[in-house]
Every structure is written in structure tokens, then in C-alpha cells.
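Worksheet: one structure, shown below.
No lab work stands behind these numbers, since they all come straight from the coordinates. Bear in mind that the values here come from a model prediction, so they are computed numbers and not experimental data. Neighbour counts run over all protein chains shown; Cβ positions are idealised from the backbone, glycine included.
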Amino acid sequence: MTTWDPTRYLQFADDRSRPFVDLVARVQGEPTTIVDLGCGPGHLTAVLRARWPEASIHGVDSSPDMIDKALADNADDRATYELADVATWTAPEPVDLIVSNALFQWVPDQLAVIGRLAERVAPGGTIALQVPCNYDAPSHRLLHEISSQPPYGAHTEGLHADRGTHAETYLDLFSEFGWAVDAWETTYLHVLPGEDPVFDWISGTGARPILQALPEGLREEFVDTYKAALRGAYPAGPWGTVLPFSRTFAVARREA
Ligand SMILES: C[S@@+](CC[C@H](N)C(=O)[O-])C[C@H]1O[C@@H](n2cnc3c(N)ncnc32)[C@H](O)[C@@H]1O
């Protein structure tokens, strides 16, 4: 199972938060109960709290390190956190808003899981989700090309699935439920500072399963090769390194 490092993940907190802000901006209504699935270190609770000051907010995440960080930094009397896997987690009461940022690409059979969770959304309630849709970008292509070759391939078998989901998939899914759907895709141009910033970015998220699968020694060798390939694909400019990043959004509202 992939483990998470809140400190490394938060290195690009500002850039990574932007899609969450854009997602939440498209949610209508005044939810009083909000669940944030895959809440990570809980730093985005502040975005929800600013928009809906009175709502109760419950973050769910399967990483003990992320939940510990959320409880330490971002809990209050109406913001709670729970360690759980969304594949099996169920809302005990109907929820007004389920929000989820950069989670469902990690969840096998995500459409079935979303379908099950949708049954716990209150009438008139909303599911708002965002997933990366950049699996054909050089960052991911190079990750999988290099790590599937010897001597790495023997350790990374089964870790090369394309987990990108396009907006049409969510449009179809929620339309079949009879919900009103707003689905779209956007490419952000993140301008990153420092040396090897694309490696730093992806090693906090998408590359973690591959990096963790490689044994010590081999991992360092792979990192050197991968970093060099990333420097070629994303050359540093005078203003920083530009990382184009495509994302899929869906905001779906259940009939009242
Ligand atoms: C890329 S981070 C996103 C964190 C936060 N939502 C944000 O936008 O900054 C993905 C999060 O999903 C969590 N996660 C992955 N698989 C999960 C699962 N099956 N159930 C619950 N959380 C999961 C990870 O632990 C991690 O905190």
C-alpha cells in the first residue's frame, strides 16, 4: 500500500490547492454537512470553512500520517477527521456535500465506489470531485517507460495502469443517476522553482507507488535516471520550470 508524506506533499500546497478552490467555486447551495474524501493533511478544510462557516466538515483519509497531520493542524469543534478507506467507508447520515480532490485516481473501480457513495447524498445535495488527467504527460510517460525496463521492471509490475478519467465519464455516470452535471477539464501551467521541481512534485504523489516498490540502491539509480529525463522534458526557464497539468472536474447535484 502506498504511504504518504504530508511534508513532501505540502511542498507545493499553493499550486495543488488551486483546483480545489476552482472545484468548490462551482458548488451551489448552503450545505450544513460536508465530507471531504481523501482529505490529506486537512489544509483545504480552511477553503470549505471560509465558504460555509457554519457547516460541519468531516475529512476521511486512509493514510495515518495524513490524518495525524489533519488532527494536529486543522481540527476544530466542527471539523473532524477519520482514518478510513473510501472503498468501504459509508456516511452514517445523508450528507449535503461530498467533496473530493485528487483522490479517486487512487481508488480501484472508482465509478462503483462513487455510485455507492452517491446513495448517501441527501436530496438536493452535491458531489464535487477532481482528478488528475495527465497520464499521457511526459512526467508519467517517462515514469512508466523507465520503471518498466530492466532492472526496475521486475519490481514495478502491475503499477503502470492509466488512471486518468475524462469529464465525459463522470457526465455519463451522474446523468445516469438523473443528477444535474457540470463536468469540465482544465490544464494548469504550474511554474515551479528550484532544481528538479517536477521530480519533487511527482514524488509527492503519482510516483510514490513506483518509488516505494523499488529496493534501496536501485531506487537511487532510478531516481537519477528519471530526474535527468524530466530535466530534458521540462527544461528550466529563467522564470522557473513550467509543468502543464491537466485535471478533470465534476460537480453533480441530486434532485431535491
Ligand atoms: C493527492 S492526495 C490529495 C489530498 C487532498 N485532497 C488535496 O487535494 O490536497 C490523495 C489523498 O488520498 C488519500 N487516499 C488514497 N487512497 C485512498 C483511499 N482508498 N481511501 C481514503 N483515502 C485515500 C491519500 O492518503 C492522500 O491523502
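Over the range 114-256, what per residue volume does the convex hull of the Cα atoms give, in whole Å³?
Convex hull volume per residue, Cα atoms: 125 Å³.
GluC sites (Glu not before Pro) within the range 195-231: which are DSSP loop residues with at most 15 other Cβ atoms inside 10 Å?
E195, E216
Positive end of the charge dipole of the chain (Lys, Arg +1 and Asp, Glu -1 on Cβ, about the Cα centre): tell me which of Y81, P235, V198 has its Cα farthest that way.
Of the listed residues, the answer is P235.
In the calculated pair distance distribution of the range 27-108, what percentage of Cα-Cα distances lie above 20 Å?
Distances greater than 20 Å cover 25 percent of the Cα pairs.
Helix 167-176 versus the longest principal axis of the chain: what angle, 0 to 90°, nearest 10, using Cα atoms?
30
Select from L143, L189, L48 the residue whose mean-square fluctuation is largest in a Gaussian network model of the chain (Cα-Cα springs shorter than 10 Å).
Maximum fluctuation in the GNM of the chain, among the listed residues, is at L189.
Whole Å is fine, so just give me how far the alpha carbon centre of the range 227-243 lies from that of the range 22-101.
What the calculation gives is 34 Å, centre to centre.
Per 5 Å bin, what percent of the C-alpha pairs of the range 51-179 does each bin hold, from zero upward?
P(r) for the range 51-179, in whole percents per bin: 2, 8, 15, 18, 17, 15, 11, 7, 4, 2, 0.
Can you give the charge dipole size of the chain about its Cα centre, rounded to the nearest 20 debye, using +1 on the beta carbon of Lys and Arg and -1 on the beta carbon of Asp and Glu?
I would put it at about 340 debye.
Each residue of the range 34-43 in turn: what ³J(HN,Hα) in whole Hz from Karplus with 6.51, -1.76, 1.60 and θ = phi - 60°, glycine and Pro shown as x?
So the J values, rounded to whole Hz, are 10, 10, 10, 7, x, 5, x, x, x, 5.
Rounded to two decimals, what ratio of Rg to Rh does the chain give with C-alpha atoms and a Kirkwood Rh?
Rg divided by Rh gives 0.97.
Which of P92, P215, P132 ends up with the largest GNM mean-square fluctuation for the chain, with Cα atoms connected below 10 Å?
P92
Whole Å is fine, so just give me how far the alpha carbon centre of the range 177-215 lies from that of the range 120-163.
When both Cα centres are located, 9 Å separates them.
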